[in-house]
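Working notes, structure below.
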Amino acid sequence: MTALSIKNLTFSYGDQDLLRDLSMEVQKGDLALLLGENGSGKSTLLKCILGLLPYQGQIKIFDREVTKNMDLSSISYVPQQGDQINLSFPINVLEYVLLGLYQSFNFFKQPSRTNKARALDILEDLGLASLASQPVQTLSGGQRQRVFIAQALVKNPRLLILDEPTVGIDSHHLASFKELLAQLRGDRDLTILMVTHDPDFKNLPDAQVYMLSRGVLSHG
């Protein structure tokens, strides 16, 4: 089954084509890597996939065409770390993960036992159970990244989109993150689209690699 299908995608700003006639297919359960330097069009492509920008061509997620007001319940998006959280805001790890269920939880209403158990199970799976009550702002970069992914997983997505997830992570946590990618695909049957500028990820087993340069996409 095709998880993400992009056909003849073009996005223009004024008279400039920022994305030109892009096509790609990501199958269910695949790990697809989108590599490119800053300014190559990666962020623009993500915004099109998420229905945030108008485009020419076709984008489908699990056979449903992407539109501005589409239901995104099957997708979880993890932005870059700098866009994630105001670190001066006091919130612990469990509370932050539960915010992924914003439709059924807020600070004025206690989360259900079912939702809390689901969040704790995910923290356990990601090796974060011991940090559940720890403030997010006290965590290392690698620990924060796992917390952000835990929040994305709590709503049981079918497609996980990661935007530069290893920025600011040291070499130890980078190796651990690569192991986590394999774990997520195996344990949760996730399809993963990861945007990165780090060419080292091209060596990941079974990864489908796409290169984006000046708005033009190539495979392999």
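The values are calculated or read from the model by the stated rules, or taken from the named source; none is laboratory data. If you're wondering where the values come from, they're calculated on a predicted model, not measured in any experiment. Positions of Cβ are generated from backbone atoms using ideal geometry, with glycine treated the same way; all protein chains shown enter the neighbour counts.
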Picking from Gly186, Gly215, Gly142, which residue would you name as being touching a His at 6+ places or on another chain (Cβ under 6 Å) and either within 28 Å of Lys60 (Cβ to Cβ) or not assigned by TED's automatic domain parsing to the domain that holds Val26 (or both)?
Gly142
Filtered residues of the range 160-179 (kept if in contact (Cβ under 8 Å) with a residue 40 or more places away in the chain and of a type in the set (Val, Ile, Thr))
Ile161, Val167
Select from the range 15-51 the residues that are touching a Lys or Arg at 6+ places or on another chain (Cβ under 7 Å) and polar (S, T, N, Q) and write down the one among them that is farthest from Ile61 (Cα to Cα).
Ser40
Which one of these is in contact with a strand residue (DSSP E or B) (Cβ under 9 Å, 6 or more places away or on another chain) and at negative phi: Ala119, Ala152?
Ala152
Restricting to the range 87-104, and then to whatever is over 19 Å from the mean Cα position of the chain (by Cα), modelled with pLDDT of 80 or more and of a type in the set (A, V, I, L, M), can you tell me which residue is nearest to Phe148 (Cα to Cα)?
Leu94
Determine if the range 175-189 includes at least one residue that is among the polar types (S, T, N, Q), within 18 Å of the chain's Cα centre (by Cα) and more than 30 Å from Leu139 (Cα to Cα).
no
Would you pick out the residues in the range 30-54 that are more than 16 Å from Glu65 (Cα to Cα) and either loosely packed, with under 15 Cβ neighbours inside 10 Å or outside the structural domain of Asp187 (by TED's automatic domain parsing) (or both)?
Glu37, Asn38, Gly39
Would you check if Leu120 is in a helix (DSSP H, G or I) and either surrounded by fewer than 19 Cβ atoms within 10 Å (Cβ to Cβ) or not hydroxyl-bearing (Ser, Thr, Tyr) (or both)?
yes
Is it true that Pro135 is touching a Phe, Trp or Tyr at 6+ places or on another chain (Cβ under 9 Å) and at pLDDT below 95?
no
Name the strands (runs of 3 or more DSSP E) wholly within the range 1-86 that hold at least 1 residues that are closer than 22 Å to Arg146 by Cβ and at pLDDT 90 or above?
31-35, 75-78
Of the residues in the range 147-174, those that are within 23 Å of Met211 (Cβ to Cβ), over 10 Å from the mean Cα position of the chain (by Cα) and outside any helix (DSSP H, G or I) number 3
Assess whether Thr166 counts as being surrounded by 18 or more Cβ atoms within 10 Å (Cβ to Cβ) and within 21 Å of Asn38 (Cα to Cα).
yes
Of the residues in the range 189-220, those that are surrounded by fewer than 17 Cβ atoms within 10 Å (Cβ to Cβ) and not in a strand (DSSP E or B) come to Asp189, His197, Asp198, Pro199, Asp200, Lys202, Asn203, Leu204, Pro205, Asp206, Arg214, Gly220
Go through the range 123-153 and give me each residue that's touching a residue at least 24 places away in the same chain (Cβ under 8 Å) and either of a type in the set (Val, Ile, Thr) or surrounded by fewer than 15 Cβ atoms within 10 Å (Cβ to Cβ) (or both).
Ser133, Val136, Gln137, Ser140, Gly141, Val147, Ile149
